[in-house]
1. In the range 227-235, is there at least one residue being surrounded by fewer than 18 Cβ atoms within 10 Å (Cβ to Cβ) and either more than 27 Å from residue 34 (Cβ to Cβ) or in contact with a strand residue (DSSP E or B) (Cβ under 8 Å, 6 or more places away or on another chain) (or both)?
2. Somewhere in the range 266-278, is a residue in contact with a strand residue (DSSP E or B) (Cβ under 8 Å, 6 or more places away or on another chain), touching a residue at least 60 places away in the same chain (Cβ under 8 Å) and within 13 Å of residue 54 (Cβ to Cβ)?
3. Quick one: in the range 116-140, of everything that is in contact with a helix residue (DSSP H, G or I) (Cβ under 7 Å, 6 or more places away or on another chain) and surrounded by 14 or more Cβ atoms within 10 Å (Cβ to Cβ), which residue is modelled with the lowest pLDDT?
4. If I filter the range 41-64 down to residues being outside any loop (DSSP other than H, G, I, E, B) and in contact with a strand residue (DSSP E or B) (Cβ under 7 Å, 6 or more places away or on another chain), which single residue comes out as nearest to residue 236 (Cα to Cα)?
5. Counting only residues that are over 25 Å from residue 79 (Cβ atoms) and either in contact with a strand residue (DSSP E or B) (Cβ under 6 Å, 6 or more places away or on another chain) or touching a residue at least 12 places away in the same chain (Cβ under 8 Å) (or both), how many does the range 132-162 have?
6. Could you check residue 190 against (1) surrounded by fewer than 15 Cβ atoms within 10 Å (Cβ to Cβ); (2) in a helix (DSSP H, G or I); (3) free of Cβ contacts under 8 Å to residues at least 60 places away in the same chain and say which number it fails?
7. Specify the residue that is surrounded by the most Cβ atoms within 10 Å (Cβ to Cβ); the eligible residues are those in the range 76-106 that are at negative phi and not in a helix (DSSP H, G or I).
8. For residue 171, indicate whether it is in contact with a helix residue (DSSP H, G or I) (Cβ under 9 Å, 6 or more places away or on another chain) and free of Cβ contacts under 8 Å to residues at least 60 places away in the same chain.
């Protein structure tokens, strides 16, 4: 082996060791665990207690339903808002654009525990500012943490607030990559701003929007922090329990690592399938 090759491997060696120890090995070992019954020692090979249980567990189907509900409602709303916000942030009429862009991106850098505490205070049934505002326009108090529908709406609202700015910044980068002469030609042809957005901006932004959709799909399938911190570990009565939260409960509360590993691989498979479907649909539109 040549000296420069040995030197190169010497530089990447520490990264490869960390990669194998903390990424590759856990993935392989968790797949192995997904075939084991780990509730009692010694652990034994019993796929019916892990993969077989997925087809019969009401808690799994409930978590799957909640996760897909959040995915189907929250992601389209968030992407639509992010597109609108990106166009506004890209406007030449906007003053202090740098500050505004940071302000909308800031929720991503706020700690999850901190923003969850703020949401719990804002949506408190007795003294929360949201219920006070609703009361001022004649709408009665809503118990956001005891009503299943309200709790789900709260999770969707919280996730949207946290990530809409992040996606808007990505879409904004896509907007700024669109050549200016395209819009100049459209103006010369008397194309209205609405038509420019529908027939120029959106089609040219399609790859970026699909990228955001894939990222948001993966994030939604792994959703954990919001139902854990805001709605008291998936309450009320499991109405906001997601697959990520169910995985946590099985692994770290029930110490059922085999079943938790099966859930983890199910989450990964569903995220891959839905993301691949998004890519396939987007390519089909181009055909």
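1. Filtering the range 227-235 down to residues surrounded by fewer than 18 Cβ atoms within 10 Å (Cβ to Cβ) leaves 232-233, 235.
Imposing the further condition that a residue be either more than 27 Å from residue 34 (Cβ to Cβ) or in contact with a strand residue (DSSP E or B) (Cβ under 8 Å, 6 or more places away or on another chain) (or both) reduces the set to 232, 235.
Yes.
2. Within the range 266-278, the subset in contact with a strand residue (DSSP E or B) (Cβ under 8 Å, 6 or more places away or on another chain) is none.
No.
3. Let us first name the residues in the range 116-140 that are in contact with a helix residue (DSSP H, G or I) (Cβ under 7 Å, 6 or more places away or on another chain), namely 116, 119, 122-123, 125, 128-130.
Next, from what is left, pick out any that are surrounded by 14 or more Cβ atoms within 10 Å (Cβ to Cβ): 116, 119, 122-123, 125, 128, 130.
Values: 116: 93, 119: 95, 122: 95, 123: 95, 125: 89, 128: 92, 130: 94.
Per the stated criteria, the residue is 125.
4. Kept after step one, since they are outside any loop (DSSP other than H, G, I, E, B), are these residues of the range 41-64: 44-45, 47-49, 51-54, 58-64.
Retained after the next criterion (residues that are in contact with a strand residue (DSSP E or B) (Cβ under 7 Å, 6 or more places away or on another chain)): 44-45, 49.
Working: 44: 35, 45: 35, 49: 28 Å.
Out of the qualifying residues, it is 49.
5. As a first pass, look at the range 132-162 and keep what is over 25 Å from residue 79 (Cβ atoms): 132-143, 145-148.
Among the residues that remain, those that are also either in contact with a strand residue (DSSP E or B) (Cβ under 6 Å, 6 or more places away or on another chain) or touching a residue at least 12 places away in the same chain (Cβ under 8 Å) (or both) are: 141-143, 145-148.
The total comes to 7.
6. That leaves (2) as the condition not met.
7. Let us first name the residues in the range 76-106 that are at negative phi, namely 76-95, 97-106.
Then keep just the ones that are not in a helix (DSSP H, G or I); that gives 90-95.
Details: 90: 19, 91: 9, 92: 5, 93: 6, 94: 11, 95: 7.
Here the answer is 90.
8. On the way: in contact with a helix residue (DSSP H, G or I) (Cβ under 9 Å, 6 or more places away or on another chain): yes; free of Cβ contacts under 8 Å to residues at least 60 places away in the same chain: no.
No: the conditions fail for residue 171.
The values are calculated or read from the model by the stated rules, or taken from the named source; none is laboratory data. Keep in mind that this is a model prediction, so the values were computed, not measured. Note that each Cβ is placed from the backbone with ideal geometry, even for glycine, and that neighbours are counted across all protein chains shown.
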